[in-house]
Every structure is written in C-alpha cells, then in structure tokens.
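The values are calculated or read from the model by the stated rules, or taken from the named source; none is laboratory data. These numbers come from a predicted model, not from an experiment. With ideal geometry, Cβ positions are generated from the backbone for all residues, glycine too; neighbour counts draw on all protein chains shown.
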C-alpha cells in the first residue's frame, strides 16, 4: 500500500432499477496504490458500482468522488485518469490490435508520436508486441484480455478498474495477468478488481469488499475479515505422518484447545492421516508433539480461515435469512 | 449539465466511421449496384434522346433528360436513385449502435474521455460524409459519361439543377441513415434492425402510394366522372397522405428540379392553365417549388436522429 490518500470514495451510494436495488448504500474508500477486490456472485451489484464510479451510470442517490472529482459532473476528467477493462472486452475485429490502441489513443487526445511510444510500451508490457499487427478478430480470448490491459495502459491512468479480468483465462494466463496487475499497483496505480474467483482475489488484493445483493456486507483485509467473521468457527487441521504412530491420537487430544481427533481415512486407533478440530491455532504444538513421539510429520494443513470459508459463510448466512 | 469543451472525440469517431464505410464491402457492393443500374438507365436515356432529337430537331435541357428520360421499359436514373438510395442509407446504419453492443466495444469506447453523444453524432456524421462522398463520385462519373454519350455540355442552369439534385439526394439518403441508426438503437440485434429498415423501405417505396389511394377513396368517396369537387377533394387528400412518405417527397423534389417544365405539384384546374404562357420555370422558381419537400425530408431526418440520440443517451451501457 502506498500513502493513504483516498482515490475512490463513495458514501451512501444507491442505484435502483425500478423496484430492484442494484447497489444499496455503499460506503467505500480505496487509497492510492491499493488493490481492492470487489467480491461477490454475479448480479451482486459489482458492475453497477463500477459503472457509477466511471460516470457511465448515474447514481440514484449518494456521492462518488474519484480523485476528488464527481463522475456525474466531470465525466471527462474522471475518464481521463481512469482505465476501465470491461468484463469480456471487445475490439474492432477488422482492425489490427495496434490500430485498436491507436483509436483509443486518439479518443484520449494523445498526440500521434506520443501515442506510438505509449502503444509500443504497453504492448511490450502485456507481451503482445509480435501479434499486435494481426487483426484483432484472430486473437484468442487470452490475447484479447491482454490487449484490453494494453488499451487501459495507453492512457497512463491513475486508477484501473478491472471487471472479471481473469474469467476464461487458463491458469497460467490468469497468473501472468494478476502478476502484471500487482506490478502496476506497486507503481502507485490504484486497482479496483471485481471478481467471483476467490483465490485470485485473496492472492493479490490488499483489501476486499464482499457484495451480497447490492450491499457490501464486509470490507477489510482478508486476514482481518477471517478473524472477525470466523472467530467462533473452529480451525480444522489435517496432518499426515510417515507411519502410523500408536497413541498419537490420544496424545494430541490432550492438547489444550483441541476438541477432537479422528482419523481422516476412518481407521480405528489412528492411521497416517489425522483430522483435528481446534478452537485456536495449535500447529506449533502439534508439530512438536509428533516429533517428541518419534514420528515424522509430512504434511500439516490448516483450513477454516480462507476467503472460501468467509465467502461460504456469508452465503450460508444469507440463505438462512431468506428462509427466515 | 455543465458545458465542457469537446476534446475532439467527435472528430475522431467521425473519421473512423467514414474510413470504415469507405473501405468496407457494404459500400462497394451498394455502389456497384447503383452504378450498374445508373449506367444502364443512362445509356437507354441517351438512345431515347438521340431518336427524339432526330425527329424534333433541337430540344431544351438535353443534359437533364439523361436523368429523367426512359424508353418505357427501363426506369429513368432518378427512379433508380429514389428506389436504391434508401438501401444505401440503411446498409450504412443498421448496426451502428447494436454492432458496438454486439462486439462489446461500447463500454470500452465510452470509458474514454469523450461525451456519450459523440458516439452517435460521429456515427451519423461519418455515414453522412461517406454518402456524400459516394454520391458526388457517382454524380461526376454519370455526368462525364453523359457528356460522352450525347456530346452536349450542360448549361449553367442545368449544372445548378444537377447540383441541387445531388444535395437533395444526400438529404434523402441521410433520412434513411438516420432511420436505420434509430432502429439500431431500438433493437439489440443487428438482423432485427436490418429487417425493420427493409420493411420501412418496402412500405414507403411500394405500398405507401397504394395505401394513400385506398385511404383517400375511403375518406372521400367519389365516383369517376361524378362530382368534380369530390374528385378534387379526394385527390388533395391522396396527395397529402402520400407526402407523408419520404419517397414521394424525394420523387417530387427531384423530378421538379430536373424537369424545368413542371410548374406545379398536385392537381391543377383547367382555369389555372387557361391563358398561361407556355414555357419553363427558371431555377429559382423550381427551387421555391420544391422547398417544402426538402424541408420535409430534413425534418424527417432530424426527427429520426433526435429520437435515436435521446434513446442512446438514456440507454444503460452495461453489455
């Protein structure tokens, strides 16, 4: 995270479509150089939020400031400093990749020589320099997505908004894309990333906001969210030892904070893999105890505090609300 | 909203649209169609003029007759333009907005620092420029060919009339362009929009006149050879109804411009002709005569464009 200058600020932001409230009283602050993840299922109001931030949709009520500017009143100034990569971005297929970028540069009023320089740099950066002179219609989905990022970089924005950027990319492509995003944030660009792919969000975002039916139900660092939401949730620990160790299960069960021990493969008395339910983090003690008993610990995995759990928790909670 | 200085987005979009049209297959195909039919009708007209000159000695406005004469089998040049012109306008605009949606380029383009209306304005202006360029080229080519075929250069009066013909034709085709942009804003599917455009074209080009006849006959029944006042009233109503069609407006305008002997549009009483001197109208009077038709066409164009402008400004951008 860079300095704590707020770049994106919303307060009491509401967008209604008839009876449907797509975004419900959103208060959000994103600081410079931060990667903020908007997380939520499809239809939770992420894209609507993004469109309001860019001034492409008018808020029903509430206030938005992008670097101190109001997108409804000063849309051009906001769009000049904000790069937007829409969900499943499209290009003019009959033009080359480079010509598509030239068009964007022209729309931004960038003078020709400067535009050529920026385009070459952006293409280099996203790894498309050789294919840039082929027609955009021949590009694969991954190449389009990279061209989309180049398209955003041409205007040298202060803020980048990425809407589901990694959907449909192969794992390697997605990783490269996220790595690039992280690099941009290190240079001081603020990144707002919307996604429903939890692992990626968890991996690169400094903070996340979880959206459920138009409301941001939680916001913060992934770790803090876990502490906050899953405080009463048990840790689950899975350990694997090299050979079955008689008495280990009983020994571990005596540790403070361990609620239960069972064999992961259902073997009586404990086999090679054990599953523990604990009320606190006992990884260190478990490791030590296995060693004391002369066993060799091969694998130790704690679950229960990942974004997946947090996410699942919210939706479980929501479904219960609906039932009630 | 506060007025801001435009950053040149409109010019950039107009230039791109113009370039797309001029280099695209659509334009080449339609140009070819109009050119082939135009040349055929021109050739027939030249033949007719030659035989007419052979019988009657000199005739006035020989050059203009190239555009209006026909041998009774192949329609004259202006009929072809009035029939095929709409197709050109429709072809250039039917996927203007829906195409951007379908290619998913709309939100990307609108996220650039341009006003939202620059897109739809640029589409219209780019199409208009392409139509004007294409028609001017065709106009010059046909003029040159006519010169070769009949060997009589146009007089200054004829030249002005032909220039007015070109201008009215550009307005006529821009009406169809504006209509097709409207359809492309209303319908998400390019095919639906194209179909709606073709339906409108066929309706106005073929059925509107027939329907005007029917409606007039139903509104003011008048037997042939019956009450003259009823016949006159029926004819008036038929004329006004048919003038709701841009095709009628255009046909009236260009035939008046290119046929200086037309002195009035609509029914003329015998008493009005009685004592009138034979002769042709000067260019100024011809222009005055077609002014309402031209204004009608411009109004239709403006109305279609305004409707698509408003629809587009209210449209949700999400893809």
Quiz item: Quick one: how many residues across the stretch B:265-319 are assigned to a helix (DSSP H, G or I) and within 14 Å of chain A (Cβ to nearest Cβ)?
Solution: 3
Self-check item: Set B:91, B:102, B:46: member being within 14 Å of chain A (Cβ to nearest Cβ) and either touching a residue at least 40 places away in the same chain (Cβ under 8 Å) or more than 22 Å from residue B:148 (Cβ to Cβ) (or both)
Solution: B:102
Practice problem: Would you point out which residue out of A:203, A:183 is under 25 Å from residue A:142 (Cβ atoms), without any contact (Cβ under 8 Å) to a residue 12 or more places away in the chain and surrounded by fewer than 18 Cβ atoms within 10 Å (Cβ to Cβ)? | Solution: A:183
Self-check item: Filter result (at pLDDT 80 or above, touching a strand residue (DSSP E or B) at 6+ places or on another chain (Cβ under 7 Å) and not in a strand (DSSP E or B)) within the stretch A:292-323
Solution: A:295, A:296
Quiz item: Is at least one residue of the stretch A:64-77 touching a residue at least 60 places away in the same chain (Cβ under 8 Å), at negative phi, within 9 Å of chain B (Cβ to nearest Cβ) and crowded, with 19+ Cβ neighbours inside 10 Å?
Solution: no
Quiz prompt | Complete set of residues in the stretch B:100-109 that are within 19 Å of residue B:10 (Cβ to Cβ) and out of contact with any strand residue (DSSP E or B) (no Cβ under 9 Å at 6 or more places or on another chain) | solution = B:100, B:105, B:106, B:109
Quiz prompt | Residues within the stretch A:1-43 that are within 23 Å of residue A:166 (Cα to Cα) and within 14 Å of chain B (Cβ to nearest Cβ), tallied | solution = 2
Self-check item: Residue under evaluation residue A:135, criteria (1) buried (at least 21 other Cβ atoms within 10 Å of the Cβ); (2) in contact with a strand residue (DSSP E or B) (Cβ under 9 Å, 6 or more places away or on another chain), criterion not met
Solution: (1)
Practice problem: Name, by its number, the condition in (1) facing another protein chain (nearest Cβ under 10 Å); (2) buried (at least 24 other Cβ atoms within 10 Å of the Cβ); (3) touching a residue at least 40 places away in the same chain (Cβ under 8 Å) that does not hold for residue A:87. | Solution: (2)
Self-check item: Residue that is crowded, with 17+ Cβ neighbours inside 10 Å, part of a helix (DSSP H, G or I) and in contact (Cβ under 8 Å) with a residue 12 or more places away in the chain, where the choices are B:208, B:233
Solution: B:208
Quiz item: residue A:126 passes all but one of (1) in contact with a strand residue (DSSP E or B) (Cβ under 9 Å, 6 or more places away or on another chain); (2) without any contact (Cβ under 8 Å) to a residue 60 or more places away in the chain; (3) surrounded by 21 or more Cβ atoms within 10 Å (Cβ to Cβ); (4) away from chain B (no Cβ under 12 Å); which number fails?
Solution: (1)
Practice problem: Can you confirm whether the stretch B:123-144 contains a residue that is touching a residue at least 60 places away in the same chain (Cβ under 8 Å) and within 14 Å of chain A (Cβ to nearest Cβ)? | Solution: yes
Quiz item: If only one of A:99, A:163 is buried (at least 20 other Cβ atoms within 10 Å of the Cβ) and either within 10 Å of another protein chain (Cβ to nearest Cβ) or farther than 25 Å from residue A:51 by Cβ (or both), which one is it?
Solution: A:163
Exercise. For residue A:196, work out the one condition from (1) modelled with pLDDT of 85 or more; (2) in contact with a helix residue (DSSP H, G or I) (Cβ under 9 Å, 6 or more places away or on another chain); (3) surrounded by fewer than 20 Cβ atoms within 10 Å (Cβ to Cβ) it doesn't fulfil.
Key: (1)
Quiz item: Taking the stretch A:47-63 on its own, how many of its residues are within 12 Å of another protein chain (Cβ to nearest Cβ) and crowded, with 19+ Cβ neighbours inside 10 Å?
Solution: 11
Practice problem: Count, please, the residues in the stretch A:221-252 that happen to be touching a helix residue (DSSP H, G or I) at 6+ places or on another chain (Cβ under 7 Å), surrounded by fewer than 20 Cβ atoms within 10 Å (Cβ to Cβ) and without any contact (Cβ under 8 Å) to a residue 60 or more places away in the chain. | Solution: 1
Practice problem: Could you check the stretch B:45-114 for helices (runs of 4 or more DSSP H) lying wholly inside it with 2 or more residues that are under 24 Å from residue A:145 (Cα atoms)? | Solution: B:98-102, B:106-110
